[in-house]
Number of protein chains: 4
Amino acid sequence: MCRWLAYTGSPVVIAEALYAPAHSLIDQSLHARLGAETTNGDGFGIGWYDAEPGPGVFRSIEPAWNDDNLRELAGHIRSHLFFAHIRAAIGSAVQQTNCHPFRHGRWLFMHNGYIGGFHTIKRSLALAVAESLYPDIKGQTDTELLFNLALTFGLEDDPPSAVAQAIGLVEACGREHGIEDPFQGTIATSDGERLWAFRYSSEGKSRSLFFSRDIRALRALYPDRPILEQLSDDARLVVSEPIGDLPGAWIEVPEASYVVAGEGEGELRPFSVTPPASSAATRARS
Amino acid sequence: MCRWLAYTGSPVVIAEALYAPAHSLIDQSLHARLGAETTNGDGFGIGWYDAEPGPGVFRSIEPAWNDDNLRELAGHIRSHLFFAHIRAAIGSAVQQTNCHPFRHGRWLFMHNGYIGGFHTIKRSLALAVAESLYPDIKGQTDTELLFNLALTFGLEDDPPSAVAQAIGLVEACGREHGIEDPFQGTIATSDGERLWAFRYSSEGKSRSLFFSRDIRALRALYPDRPILEQLSDDARLVVSEPIGDLPGAWIEVPEASYVVAGEGEGELRPFSVTPPASSAATRARS
Amino acid sequence: MCRWLAYTGSPVVIAEALYAPAHSLIDQSLHARLGAETTNGDGFGIGWYDAEPGPGVFRSIEPAWNDDNLRELAGHIRSHLFFAHIRAAIGSAVQQTNCHPFRHGRWLFMHNGYIGGFHTIKRSLALAVAESLYPDIKGQTDTELLFNLALTFGLEDDPPSAVAQAIGLVEACGREHGIEDPFQGTIATSDGERLWAFRYSSEGKSRSLFFSRDIRALRALYPDRPILEQLSDDARLVVSEPIGDLPGAWIEVPEASYVVAGEGEGELRPFSVTPPASSAATRARS
Amino acid sequence: MCRWLAYTGSPVVIAEALYAPAHSLIDQSLHARLGAETTNGDGFGIGWYDAEPGPGVFRSIEPAWNDDNLRELAGHIRSHLFFAHIRAAIGSAVQQTNCHPFRHGRWLFMHNGYIGGFHTIKRSLALAVAESLYPDIKGQTDTELLFNLALTFGLEDDPPSAVAQAIGLVEACGREHGIEDPFQGTIATSDGERLWAFRYSSEGKSRSLFFSRDIRALRALYPDRPILEQLSDDARLVVSEPIGDLPGAWIEVPEASYVVAGEGEGELRPFSVTPPASSAATRARS
């Protein structure tokens, strides 16, 4: 179980989203309210886009609440699109290669939740990853494998379709092995221009996910908050648990839906998984 | 705020005290019940006596709950007297030199609590440390300074007297600087033969401390617990918060008192601090 | 490139082998003479057998030369059979799950060298690992994969045969992919009773390996060395690079041979790899 | 013994100075040529100025050569003035609070060298630090203490004078205690606008220090190097050991002199220490 945050909008210093708000993500590393675990102290990571060619990633195995380097970097890095993730490990080692966000080229990917019965179906899922991607898997997590499955299914071309296929394969594999609820979670991914955030679980009771209301509406509600004046009209936060102290600021992302935000966009759409075509299922089963 | 445990008795594998009991110290690193903080994730340490000349110390900045090395070592080290400490940092860095237990020669020392207004009186207290000890202070904590004050006041000869003088100096210094409650906490120290555990605070509302009941009495209460058969008659645990699932196993150490255990001993005594004689106070003030 | 040491004989404090000798393994972490790299600062590990059911393992990502915990533990752990390894990473992350020795049940395994073209053949080799072992692979290293191949081929029943088959598969896979020299290195493995140490490379120019001369012979050569009096007659050290200052103490393990030591044994035998039978090769290719 | 680098000039991505040049600082972490030690693997740090109010600092206890986070950050942080330091610890712990650069307000400070007999005179020097600064000393190093002495002597107003007084006090204290050569080293400090780099030792044989030649002169020498076109006319590097492959690019900073660079300045000046006035010496001796 983990907590995460994704931002897109006018460039801000990351600390403003990470440390400043009431019940901030850093505070949630010690005292999450809506999570399956109250403590998310098994490492963290941030990923951000700036003027350089690809995203930067900073990951650490320290708890976020006591990491001086995170505080320093968050206070100096400005970004128009960034991810932050705090981890509560379930089973896999606390090491940087297991920390989110994961990166491939220009893409970042992070997740709160799990693949059910992962130990049982790990090998089958790994075999379904494109051969060219397999050797670059660096850690042990279900999330990194899911990311590689999504890449295999075309994440870079059509994120919602690729995530739908990746989860579809996880569900098919899991059910073949008698796992009742093979997937649980919320996922965020980005190419640096837009971000996509998914909420879905096999059992239909997914981890929480929230989406910030349109900034123009928030400014009307809270005319005396200078931070809202600084943000661009299309700024959006997606969070696994609300931060800050502005009632009415958050829209719950419904079950089985996703958010796309950035480049003027900002909307909710329904999400359904795509079961593997027979050939792909065969491949995963082999 | 921290949690700690000290054991003396027949040699046991440390894991039996650290991981095995219900609501173990490792469990308390995530979910303390009686502490000022529920999470004690800012590093940990163990110190143990065995056949080698001095005690061994293993300290880490990882949270105890996810440290594989601690699990390994605790499962392999047998000791007749050991300390374990999990830390919740208040202000000072998460680094090994700030982790308890601290060591000097054959002596170990650990603490749950704080010196009030430490920033204000740190220099005065440091000046009161023996000149020969000062350069070996390695970290930034109030506890390490307190240990060095106790060593300065003769810890190696008479622990209760030295601790009483050290806290007495802290209180005198603190009150000179207008600090209302200069000392808070529980302290354990040992030379490998006996252990002393103190409960005291300037305000008279000290951090919790518990002492295990006489093993013979426990055996009578719980005739079906094999672990109690294995322990020697004089085995004792002192803990900041009860562990295990045996009602009646724990005696609360009263306010302003201390436990001495080991070598057949095991008793509670009253504790009062010793205000500095004028010369020492002057020295600390200079 | 790495350096390692394996000991079997009468129980000794690990520090006596690790820190005390001239040009010790710890010294080699900064200044190796015979290695491909002079610095082995990318983590380390020790594994030891004692009275507990399985071996203990302590691994860290710090350089061995500056790790206080290693110094503490090595000074307190007594063992009749232990491994120590210092790492110079080539490509894979510096994380505990990539540090040697690796463990499975009662078995330890460590390696100095590499699988050539590992990125190219990693997936093929991973597919040849027994399905029951695959999900427990924790790190990214060629060594851990090799260990799992050896386990697949029966390491627990016949170590030389299993290692010969594992390397045979690596060579077959590598050559199918046009890799000229697929395997290079020295390997140590143990079940806590005996240890096996292999020296082999596809090109016939293997990493160095040395075996300590019979203790009785050494005592005759050096009658004034008390350490030799303390060691049992069957004590043996196997090292990637000689330690200590006793000329004549070391026998170079020849190319394509292995040492078996422990339980009174201590001898050199020839080693040759076993090419995969067609079925196994097919399986790895699939 | 350590290695360091300081840059001032037009904003560049830190990686261009840290990783790109031949014999870069990162390369020197494994293979220094001019240093007292060839390996500088006991942690590192960078400090940089940007648009935010104070400098950012990123410090780690990993060797610089294998730290993924350093590589990420260096590839994303642009700065007009930054410091980088790789550490070879002599005696003090490998922990972030002992890593350079140190910071106070807008000021950064780093050092290659040592205070001779530091253990002996540490307390005396600590007593000479301004009372308001003392409690914020976080680590154990001679350098952090020297920085605090320089701050005590007015670093923020007149860096050369303050450094001269700080070293003067070190020399006086040392000599009182029979230490022959109390100070050795090179020092860099900055307020974000200019940087000062000092070369001095009590014995007159100081650690090496080099200053990059005027960029206009370098452009004339190397008309085909695009990097030189990108740099502003006043860009300067100060390094403990030359980097890159441009003969003639470096001017050795002579014994007992200092460089001031930035804001159009860039020159060498003589440096001599200031012995403590009797009152200050008395204060340090008390």
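The simple spin-label model puts a point 7 Å past each Cα toward its Cβ; for D:Arg269 and B:Glu263 those points are separated by 6.5 nm. Measuring against 25 Å, Cα to Cα, the residue pairs A:Lys122/A:Lys205; D:Lys138/D:Lys205; A:Lys138/B:Lys138 contain D:Lys138/D:Lys205; A:Lys138/B:Lys138 as the ones spanning a longer distance.
Only one residue of B:Asn66, B:Val238, B:Pro276 has its Cα farthest out toward the positive end of the dipole of chain B, where Lys and Arg carry +1 and Asp and Glu -1 on Cβ, and that residue is B:Pro276. Cut-off 10 angstrom, C-alpha nodes, Gaussian network model of chain A. Which of A:Ile115, A:Ile227, A:Ile167 fluctuates the most? Comparing A:Ile115, A:Ile227, A:Ile167 in a Gaussian network model of chain A, the most mobile one is A:Ile227.
Given 10 Å bins starting at zero, what is the percent of C-alpha pairs of segment C:133-242 in each, up to the one with the largest pair distance? Histogramming segment C:133-242 at 10 Å steps yields 12, 34, 30, 15, 8, 1 percent. A viscosity of 0.890 mPa s and a temperature of 25 °C, combined with the Kirkwood radius over Cα pairs in Stokes-Einstein, give a translational diffusion coefficient for segment D:167-216 of 194 µm²/s.
What do you get for Rg/Rh over segment C:181-242 if you use C-alpha atoms and the Kirkwood form of Rh? Rg/Rh for segment C:181-242 comes to 1.10. Assuming charge only on the beta carbon of Lys and Arg (+1) and of Asp and Glu (-1), the dipole of the protein assembly as shown about its Cα centre is about 0 debye to the nearest 20. Based on DSSP H segments of at least four residues, each scored -39500 (n - 2.57), chain D has a per-residue ellipticity at 222 nm of -7500 deg cm²/dmol.
Dipole magnitude for chain D: about 480 debye, using +1 per Lys or Arg Cβ and -1 per Asp or Glu Cβ, origin at the Cα centre. The label point for A:Ser161 and the one for D:Glu52, both projected 7 Å from the Cα toward the Cβ, are 4.1 nm apart. Screening chain D for DSSP H helices whose Cα atoms reach 20 Å or more along their own axis and whose mean Kyte hydropathy is at least -1.0 gives D:159-176. Within the shell of other residues whose beta carbon sits under 11 angstrom from the beta carbon of C:His111, the net charge comes to 0, with Lys and Arg scored +1 and Asp and Glu -1. The C-alpha atoms of segment A:98-194 occupy a region whose extents along the principal axes are 39, 25, 23 Å, arranged from largest to smallest. Around the amide H of C:Glu241, modelled in the peptide plane, lie the amide H atoms of C:Trp4, C:Phe210, all under 5 Å away and 5 or more residues distant in sequence or on another chain. The residues of segment B:183-286 expose on average 44 square angstrom of accessible surface per residue, using a 1.4 Å probe on protein heavy atoms. With the convex hull of the Cα atoms taken as the outline of segment A:1-77, the averaged projected area works out to 5.2 nm².
Highest GNM mean-square fluctuation, chain D, Cα pairs closer than 10 Å: which of D:Ala235, D:Ala166, D:Ala130? Greatest mean-square fluctuation among the candidates belongs to D:Ala130.
Annotation for B:Glu229 and A:Glu252: the two label points, set 7 Å from Cα along the Cα-Cβ direction, are 5.5 nm apart.
A viscosity of 0.890 mPa s and a temperature of 25 °C, combined with the Kirkwood radius over C-alpha pairs in the Stokes-Einstein formula, give the protein assembly as shown a diffusion coefficient of 77 µm²/s. Under a Gaussian network description of chain D, with springs only between Cα atoms under 10 Å, the residue in D:Ala88, D:Ala220, D:Ala261 that fluctuates furthest is D:Ala220.
What does the convex hull of the Cα atoms of chain A come to per residue, in Å³, rounded to a whole number?
Working: hull volume 33.2 nm³, N = 286.
It comes to 116 Å³ per residue, whole-number rounded.
Once the dipole of chain A is set up with Lys and Arg at +1 and Asp and Glu at -1 on Cβ about the Cα centre, which of A:Val12, A:Pro254, A:Leu25 lies farthest towards its positive end? Checked the options; the winner is A:Pro254.
What's the FRET efficiency of A:Lys205 with D:Leu34 using the Cβ-Cβ distance as r and R₀ = 41 Å, to the nearest 0.05? With a Förster radius of 41 Å, E is 0.05. Restricting to Cα atoms and excluding each atom paired with itself, what does the Kirkwood estimate give for segment A:177-286 in Å? Radius from the Kirkwood sum: 15.9 Å.
Going by the alpha-carbon gyration tensor, a ≥ b ≥ c the square roots of its eigenvalues, is segment B:1-133 rounded (a/c under 1.5) or, if a/c is not under 1.5, prolate (a/b greater than b/c) versus oblate? In terms of gyration-tensor shape, oblate.
Where a ≥ b ≥ c are the square roots of the eigenvalues of the C-alpha gyration tensor, would you call segment D:134-176 rounded, which needs a/c under 1.5, or, failing that, prolate if a/b is larger than b/c, or oblate?
Numbers: a/c = 2.34, a/b = 1.05, b/c = 2.23.
The shape class here is oblate.
The values are calculated or read from the model by the stated rules, or taken from the named source; none is laboratory data. The model shown is predicted, which means the values in this text are computed figures rather than measured ones. With ideal geometry, Cβ positions are generated from the backbone for all residues, glycine too; neighbour counts draw on all protein chains shown. Only protein heavy atoms, including side chains, enter the accessible area calculation; ligands, DNA and RNA are left aside. Shrake-Rupley method; radii C 1.70, N 1.55, O 1.52, S 1.80 Å.
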